[in-house]
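Visitor: Below: one structure in structure tokens.
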Amino acid sequence: MFRTALIATAICATASVAAAGELTYGNAFIKQHRLDADGAGALDLTVLGGGIEYTYDAWIFSGELAHFDIEGTDIDYGSVAGEYRLNNGVSMGIDYTALDFGGADISLTSVFAYYDMGTYALGAAIGDSSDLNDTVYTLFGSWDVAPTGTVGLDIIRIEDETVFAGFADYDMDIYNVQADVITTDGLDLVSVAGGYSFGNGFSAIGSLSYFDLAGTDGTSVTVGGQYEFVEGANVELALGRINIDGAPNIDQVSFGVNYEIGRRTSSRRTLGNVISSATGSFAGLTSF
């Protein structure tokens, strides 16, 4: 009941803010990936989702949702959050994240607070879930290295595991770069994605990733192009290859339609945000 009430409150809040507040960030996308393993057949991966952030006076409301369809197997995640900024630079809030990995559900409700020092922000969160055995603790920080560039780190203690999730996001008129580093027991991932604009709506895009999953190493490379047909909206086509030690190479063909405006202002990343950032930079799977 509490979770249902929380989601309903956030939806109602964002709906009311839409009329009087400021839309600081909006995103929507759909991507179709064709993954073809040498001698092992092909599969289709469809990903769609979106995110939003509204501000109203000292309030920030946000939400995010993504759906993966891998040959009929579904993976979903979503998050909603609300926070209030005090006059002394402290922000306090609550967020809710729900993950569904093919029927294995995890939901997490967290309260958080952080101190914004202008270009720097430091904070902490504590989360509870009936699907997990232990309380989830998070320390996080970010640094605005430029008006359109941010780097940060989340340290998440979950189920006796510590996850380090670093990120960098830099967006200029001519080029943009997104990087993610995730390391925990059994997984290490380093991924960089970006684009360069040639003008007249045309851009080159690409990504490069390295991962170590339970002792198995792999790399991923994609290259492609985008065309922006109206401001903030583009279509893209990319080719790539995923190499995994001891396994067939996987060739990737991706087509997507994306729309994005603005930039997030909150320094808090939910567990869903951490996941969506990593899937965005790895092989161009999403567009968050």
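The values are calculated or read from the model by the stated rules, or taken from the named source; none is laboratory data. Treat the numbers as computed from the prediction; the structure is a model and nothing was measured. Glycine also receives a Cβ, built like all others from the backbone with ideal geometry; neighbour counts cover every protein chain displayed. Keep in mind that these areas ignore ligands, DNA and RNA; they rest on the heavy atoms of the full protein, side chains included. Shrake-Rupley method; radii C 1.70, N 1.55, O 1.52, S 1.80 Å.
Visitor: For the chain, what does the relative contact order come out to in percent, with C-alpha contacts under 8 Å and a separation of six or more?
Guide: Relative contact order for the chain comes out at 16 percent.
Visitor: Of H67, H33, which has the most accessible area with a 1.4 Å probe, and how do the rest follow in descending order?
Guide: H67, H33
Visitor: GNM, the chain, Cα, under 10 Å: largest mean-square fluctuation among F255, F101, F211?
Guide: F101
Visitor: To continue, here is another question. Let's test the formula: R0 of 30 Å, r as the Cβ-Cβ distance of N200 and V145. What FRET efficiency results, to the nearest 0.05?
Guide: Efficiency, rounded to the nearest 0.05: 0.55.
Visitor: In debye to the nearest 20, how big a dipole does region 1-281 give about its Cα centre with +1 on each Lys and Arg Cβ and -1 on each Asp and Glu Cβ?
Guide: 680 debye
Visitor: Just to verify a number: what accessible area does V181 come out at with the full protein assembly present, 1.4 Å probe, Å² rounded to tens?
Guide: Approximately 70 Å² of V181 is accessible to the 1.4 Å probe.
Visitor: Heavy-atom accessible area of L213 with all protein chains present, probe 1.4 Å, nearest 10 Å²?
Guide: 100 Å²
Visitor: Related question: Order of 171-177, 154-160 by packing, highest average Cβ count within 10 Å first?
Guide: Ranked by mean Cβ neighbours within 10 Å, highest first: 154-160, 171-177.
Visitor: Given the options G152, L48, G240, identify the residue whose Cα lies farthest towards the positive end of the charge dipole of the chain (+1 on Cβ of Lys, Arg; -1 on Cβ of Asp, Glu).
Guide: Toward the positive end, the furthest listed residue is G152.
Visitor: By how many degrees, between 0 and 90 and to the nearest 10, does the Cα long axis of helix 271-281 differ from the longest principal axis of the chain?
Guide: Roughly 30 degrees between the two axes.
Visitor: Nearest 10 degrees, 0 to 90: what angle lies between the long axis of helix 2-20 and the longest principal axis of the chain (Cα atoms)?
Guide: Computed tilt is about 90 degrees.
Visitor: With every protein chain left in place and a probe of 1.4 Å, what is the accessible surface of I126, to the nearest 10 Å²?
Guide: 80 Å²
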